[in-house]
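> Here it is: the structure, laid out below.
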Amino acid sequence: MSEPSLLEVAERVVGWASDGCDVEAYAARESETEVRAYQGEVESLTSATSVGIGVRVVRSGRQGFAYAAALDEQTLRQTFDEALDNARFGSVDEHAGVAEPDGVEPVPLDLYRSELLEFPSEDKVSLALELERVALAADPRVTGVETAEYADTVYEGAVATSRGIAAQSCETGCYLVAYTLAADGDETQTGFGFSVGRSPDELAPEKAGKDAAERATRLLGATKPSTCRLTVVLDPYVTAQLLSIVGATLSGDAVLKGRSLFAQRIDDAVAAESLTLTDDATDPEAFTASAIDAEGLATRRVPLISDGVLRAFLYDSYTARRAGVSSTGSAVRGGFKGTPSVGAHALRLKPGRRSQAEIVAGIDDGFLVQGVSGLQSGVNAVSGDFSAGAEGLRIRRGETAEPIREVTIASTIQRLLMDVTEVGSDLEWLPMSAAGVSLAVADVTMSGA
Amino acid sequence: MLDAEIVNRTLAAAMRTGADFAEIFAEDKSSTSAFLDDGRVEEVVTGRDRGVGIRVVTGDTTGFAHTADISEAGLASAAAAASAAARQGGGGTRAVEVSALQAPRRLEVRIPPEEVSKDRKVALLTAADAAARGSGAAITQVSARYGDGRRRLLVADSEGLFTSDDQVRTLFSVSCVATGDTGMQTGRESAGRTAGFEMFDLYDVEEMARRAARRALTKLTARPAPSGTMPVVVGPGGGGVLFHEACGHGLEADLVAKSASVFAGRIGEKVAAEMVTLVDDGTMAGEWGHYGIDDEGRPAARNVLISDGVLTDYMWDRLRARKEGRPSSGNGRRQSYQHLPMVRMTNTFIEAGDTEPADIVADTDHGVYVAQLGGGQVNTATGDFVFGMTEAYLIENGRITSPIREGNLIGNGPEVLTRIDALGDDFAMGSPGTCGKDGQGVPVGDGTPTLRVAALTVGGTAA
């Protein structure tokens, strides 16, 4: 193709920087396909490619940013000029700046599968239709499939800075997801199942469909128990959601700005001894694996909590400069429309030795939490207050018993981490920035009737 | 943005494979935002996003393609992709002729944000920062955000529709952290209008900042929220989000059609206490969920969903309405030209009753008073919901007493509707919201008067 590469585009914009002015350009291109099946037909098929550029300018300690969803010469120029103009209005910050090379070599990761590009549309349609069929056939109580979807993306990104950063990456990804409805008499429940991969041959429609049916049917007949305190066992998917919140409290930005409940707690015991938490985007198994971070620095393994002791926070280059430490390669960004910020890439707990079933067998009265809702509203990452809607199965005398719904579980993040009694052996990577694993936590309030 | 000739040719190309319907949605969006945190204006951001989404419907199948290339060639290629996606059917060309473009009934904007200097926008942030910090030594952190956006759109379809709109929105928010013996607590205040910079004639950012600070400071002395089932009184404007989430979504025709709603098949039935009237109204000028036309070109409308406790209608987009042979209710919305439209709410609210608000509290022996609800989540198929409480107090012996710390409210939408037993005469709209559905976010408003739900589960840590 005669089109310039994204890195050439980014470097070209950076080249416009004048003396005393630092520039970062981030260019991205994404192609996506999405197929939805409904009642044995294609409900919708979307295909599109989008491109965009985000330009950050730092001049005399002041930062400005502009973006545009096009890469033609005129747009690039306008976006650069806008960013330069916007920099006039920021406050002076001696630590403001763009990333510069730190000598850490990116770990080679192969996240691109050309098979995805060659996969025909008809086969994408077949996968979505098959997913719907499997989910419907899995259980007679499944009454409908609200959504059965196949989607894929091919992503390319490049970032360059006037301080010598020049990095690019490309990756492919695809997934299947189904949302099912199940009914028994007047009662309706919902469930979801998914499968993710880098190319379609890694997708498992059978498992995704059956999971969606299982999640919808297992709660049929669920009741609301009375309020009590008990031991909860979090399903891997629930643990991963909890870890994402814990990750936010360990961001260097939250620490520097006095918003982290773990500030000044380095080397303190902040969790049970069985808990070891790392953030590691270099793990190729992680769905969110990435060799470079959003500022173009190499990602690396960051040990956050070791045997219950807090060891480190996450930093991008700005927060690192401000804190007087090195970047941990933890810059993230939500596409070309935003500036980089600090965030976890791929959180993971060190797995324990026992399976979920073995953990449950040791609990006399407990609650196996299979789903939570309202985490965004019910968890305050600043104060640590934690309250979430929950559903799942009661645990009685070492066995899973009747389904439970419409209860909340409440505690604080600080107490949850300290009250962990066991980490399961069932580590699994999920389509989010954290891996799942079963987690047993003692003494949690379950509010019901 | 596009002239009629090009629109006609593109629509004809999109219909070439024998489609039933084709539509062009063009959008040109520009925005400015500024963010202050930790005492510094961290950045001023401007953005531009422009493109076209082409939708082709054949039978029950929708093909969709979007492009940022708005040249005729770019449109033709997107039209070809969309019609290929909707394939099926045989050949046969169908000429399309759209009517003359109706001039946009431009929403009244007195001070277009693009005519206001960035300096003035940034000055709002520093004023808010100073006011919040001046509210008490315990305020240890403040962040504030200003944002404005102008969204020009044009919709043309194979049935001859050719219309446009020009939507301007302005938003301001302040968040504070207060630190005390009990740790850190947060408080937030936000306001948003479908209007220009004149919004700040209505909203004093310093007063907003002081209110956010007061919320955080109050929570330092708060007790843990109780847990269990009890009466819950929701203050004016504080609880509309609950009805948006727990009832509104279930009244969206696309979810109803897939039986993913507890309200499916219940038109004409009593679904709420007799005093309850629930309305979705996109015509409320200035409100955050207001617009001239929806993203399918239909005029915004006032739709009564529940009237005196009886379910009267659902909300409709074009696709669902067409299947039922009825008009759209003006609720077809999309996040951007890169998204397919679907049924979405606008400004959703419960109409005022006639009870004195103070009497509602006085009449409640023991329970919780929620001044401001936080975000929430709902399962539309079951109606089960969870909401955070960002400002709440205990009610003891008919009086509002101690502040309580964040906990969740959990319940079931349809049940809550039947359990409303008091409505105040003090209607107010709540904070501007972004409603998420299927990965698409759109601006929405909500409102309620003071109201009481006879029994609701509060999930706090106090056993």
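> Please report the spacing between the Cα centers of segment B:189-203 and segment A:290-368 in Å, no decimals.
Comparing the Cα centres of segment B:189-203 and segment A:290-368, I get a distance of 38 Å.
> Simple spin-label model, 7 Å along Cα-to-Cβ: A:T49 to A:D267 in nm?
According to this spin-label approximation, the distance is 5.5 nm.
> Averaged over peptide B:60-67, how many Cβ atoms belonging to another chain are found within 10 Å of each residue's Cβ?
5
> Starting from the Cα of B:T312, move 7 Å in the Cα-to-Cβ direction to define the label point; list residues of segment B:441-460 whose amide nitrogen is under 14 Å from there.
In segment B:441-460, the label zone of B:T312 (backbone N under 14 Å from the point 7 Å along Cα→Cβ) covers no residue.
> Here's something else I'd like to know. Would you mind getting the accessible area per residue of segment B:378-463, heavy atoms of the protein chains only, 1.4 Å probe, in Å²?
28
> A further question follows. Would you look at the GNM of chain A, springs on alpha carbons closer than 10 Å, and say which of A:E171, A:E100, A:E43 moves the most?
A:E43
> Working out 0.36 nm times the residue gap between A:D186 and A:K350, then minus their Cα-Cα distance, what length gain in nm do you get to one decimal?
This chain segment gains 54.7 nm when fully extended.
> If R₀ is 22 angstrom, what is the calculated FRET efficiency for the pair B:E415 and A:D365, using the beta carbon separation as r and rounding to 0.05?
My answer for the efficiency is 0.20.
> Hey, if you put +1 on the Cβ of every Lys and Arg and -1 on every Asp and Glu Cβ in the protein assembly as shown, which of B:P299, B:I54, A:S274 ends up farthest toward the positive end of that dipole?
A:S274
> Specify which residue in the list A:A83, A:V107, A:L45 is farthest towards the positive end of the charge dipole of segment A:14-115, using unit charges on the beta carbon of Lys, Arg (+1) and Asp, Glu (-1), about the Cα centre.
Towards the positive end, the residue furthest out is A:A83.
> Treating the beta-carbon of each Lys and Arg as +1 and of each Asp and Glu as -1, no other charges, what is the dipole magnitude of segment B:404-463 about its Cα centre, to the nearest 20 debye?
It comes to approximately 160 debye.
> Separate question: Given a 1.4 angstrom probe, what's the average accessible area per residue across segment B:236-312, in square angstrom?
Averaged over the residues of segment B:236-312, the accessible area is 29 Å².
> If you place +1 on the Cβ of every Lys and Arg, -1 on the Cβ of every Asp and Glu, and leave all else neutral, what size is the dipole of the protein assembly as shown about its Cα centre, to the nearest 20 Debye?
Once rounded to the nearest 20, the dipole reads 1020 debye.
> Using label points projected 7 Å from each Cα along Cα→Cβ, tell me how many nm separate A:R12 and A:S425, to one decimal.
Modelled inter-label distance: 5.6 nm.
> Further question: Taking the Cα centre as origin and putting +1 on Lys and Arg beta-carbons and -1 on Asp and Glu beta-carbons, what dipole magnitude results for chain B, to the nearest 20 debye?
940
> Determine, from the Cβ-Cβ distance of B:D425 and B:R302 and an R0 of 25 Å, the FRET efficiency 1/(1 + (r/R0)^6), rounded to the nearest 0.05.
Efficiency, from the Cβ-Cβ distance: 0.75.
> Let me ask something additional. At 1.4 Å probe radius, can you tell me the per residue accessible area of segment A:395-439 in Å²?
36
> Using 7 Å Cα-to-Cβ label points, what is the B:R110/A:E100 separation (nm, one decimal)?
5.1
> Hey, with R₀ at 30 Å, roughly what FRET efficiency would B:R399 and B:T182 work out to, going by the Cβ-Cβ distance, to 0.05?
It comes to 0.80.
> In units of 2.2 N^0.38 Å, what is the alpha-carbon radius of gyration of segment B:270-396?
After normalising by residue count via 2.2 N^0.38 Å, the value is 1.27.
> Also, quick follow-up: Heads up, I need the accessible area for A:K337: 1.4 angstrom probe, whole protein in place, Å², nearest 10.
Roughly 90 Å² of A:K337 is accessible to a 1.4 Å probe.
> Charges on Cβ only, +1 for Lys and Arg, -1 for Asp and Glu, centred on the Cα centroid of segment A:261-410; of A:T408, A:G362, A:Y315, which one is farthest towards the dipole's positive end?
Farthest along the dipole direction, towards plus: A:Y315.
The values are calculated or read from the model by the stated rules, or taken from the named source; none is laboratory data. What you see is a predicted model, and the numbers here were worked out from it, not measured in a lab. Backbone-built Cβ (ideal geometry, glycine too); neighbour counts: all protein chains shown. When the accessible area is computed, the model is the full protein with side chains, heavy atoms only, and any ligands, DNA or RNA have been set aside. Shrake-Rupley method; radii C 1.70, N 1.55, O 1.52, S 1.80 Å.
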